[in-house]
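Accompanying notes for the structure given below.
The values are calculated or read from the model by the stated rules, or taken from the named source; none is laboratory data. Being a predicted model, the structure only gives us computed values, none of them experimental. Virtual Cβ from ideal backbone geometry, glycine too; neighbours counted across all protein chains shown.
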Amino acid sequence: MTKFEEKVYNVISLIPKGKVATYSDVAKAIGHPQAARAVGNALHKNPFAPVVPCHRVVNSNGYLAKNFGAGGIKEQQLRLQAEGVIFYNESKVSLTKYQYHFPKESI
DNA sequence: ACAATGACCCAGT
DNA sequence: AACTGGGCCATTG
């Protein structure tokens with residue numbers, strides 16, 4: 001477990017129920033604005049599958065990750081819907097409505 | 001230490 | 001709107 005991943009999981013657990021955040025935003029929140037990719041990498045491992053609400057993290061288009069682990073994007077979609085998030089398509093959410101902006105520094 | 005990989009992002013065509 | 005290419009960052013072989 002690296003420090004970087006720790007921060008990632010940490011900020012992600014801050015996302016309130018019924019809201020979503022982009023990889024880019026998460027990256028910014030941990031002080032690495034250009035590390036969106038690394039964030040996705042950290043999530044792919046997802047050591048704390050049930051603990052960290054990784055299903056609340058989407059890409060900048062509002063789409064879910066294609067290679068989502070832990071049951072696939074289908075599972076992710078169900079979890080989000082269960083929290084009150086409405087989907088545009090099979091796997092797209094409205095960022096303007098549900099995107100959560102992290103407080104100044106959430107590290 | 002080097003090269004390759006990936007749940008990404010942005011700008012250009 | 002869809003496709004392409006280049007750039008970023010951390011992890012892994």
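Every residue, every condition in (1) aliphatic (A, V, I, L, M); (2) within 9 Å of DNA strand B (Cβ to nearest atom); (3) buried (at least 16 other Cβ atoms within 10 Å of the Cβ), yes or no:
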{"residue": "A:PRO50", "(1), (2), (3)": "no, no, no"}
{"residue": "A:GLU75", "(1), (2), (3)": "no, no, no"}
{"residue": "A:LEU78", "(1), (2), (3)": "yes, no, no"}
{"residue": "A:ILE86", "(1), (2), (3)": "yes, no, no"}
{"residue": "A:ASN89", "(1), (2), (3)": "no, no, no"}
{"residue": "A:VAL93", "(1), (2), (3)": "yes, no, yes"}
{"residue": "A:THR96", "(1), (2), (3)": "no, no, no"}
{"residue": "A:HIS101", "(1), (2), (3)": "no, no, no"}
{"residue": "A:LYS104", "(1), (2), (3)": "no, no, no"}
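Would you pick out the residues in segment A:1-16 that are outside any loop (DSSP other than H, G, I, E, B) and either within 8 Å of DNA strand B (Cβ to nearest atom) or β-branched (Val, Ile, Thr) (or both)?
A:VAL8, A:VAL11, A:ILE12, listed by residue number.
For the structure I just gave you, tell me whether A:LYS28 is at pLDDT below 95 and either in contact with a helix residue (DSSP H, G or I) (Cβ under 8 Å, 6 or more places away or on another chain) or within 19 Å of A:GLU6 (Cβ to Cβ) (or both).
When the stated conditions are applied, A:LYS28 does not pass them.
Using beta carbons and a limit of 8 Å, which pairs, at least six apart or on different chains, have the first residue in segment A:86-107 and within 13 Å of A:GLY18 (Cβ to Cβ) and the second one of a type in the set (Asp, Glu)?
From residues that are within 13 Å of A:GLY18 (Cβ to Cβ), the pairs are A:GLN99/A:ASP25; A:TYR100/A:ASP25.
What is the number of the single condition among (1) within 16 Å of DNA strand C (Cβ to nearest atom); (2) touching a residue at least 40 places away in the same chain (Cβ under 8 Å); (3) of a type outside the set (A, V, I, L, M, F, W, C); (4) closer than 18 Å to A:LYS104 by Cα that A:TYR23 does not meet?
Of everything listed in (1) within 16 Å of DNA strand C (Cβ to nearest atom); (2) touching a residue at least 40 places away in the same chain (Cβ under 8 Å); (3) of a type outside the set (A, V, I, L, M, F, W, C); (4) closer than 18 Å to A:LYS104 by Cα, A:TYR23 misses just condition (2).
Has segment A:37-47 got at least one residue that is more than 13 Å from DNA strand C (Cβ to nearest atom) and touching a helix residue (DSSP H, G or I) at 6+ places or on another chain (Cβ under 6 Å)?
no
Take the conditions within 8 Å of DNA strand B (Cβ to nearest atom), surrounded by fewer than 18 Cβ atoms within 10 Å (Cβ to Cβ) and more than 18 Å from A:GLU90 (Cβ to Cβ) and apply them to A:ALA27. Does it pass?
No; evaluated as a whole, the condition is false for this residue.
How many residues does segment A:26-48 hold that are among the polar types (S, T, N, Q) and free of Cβ contacts under 8 Å to residues at least 24 places away in the same chain?
2
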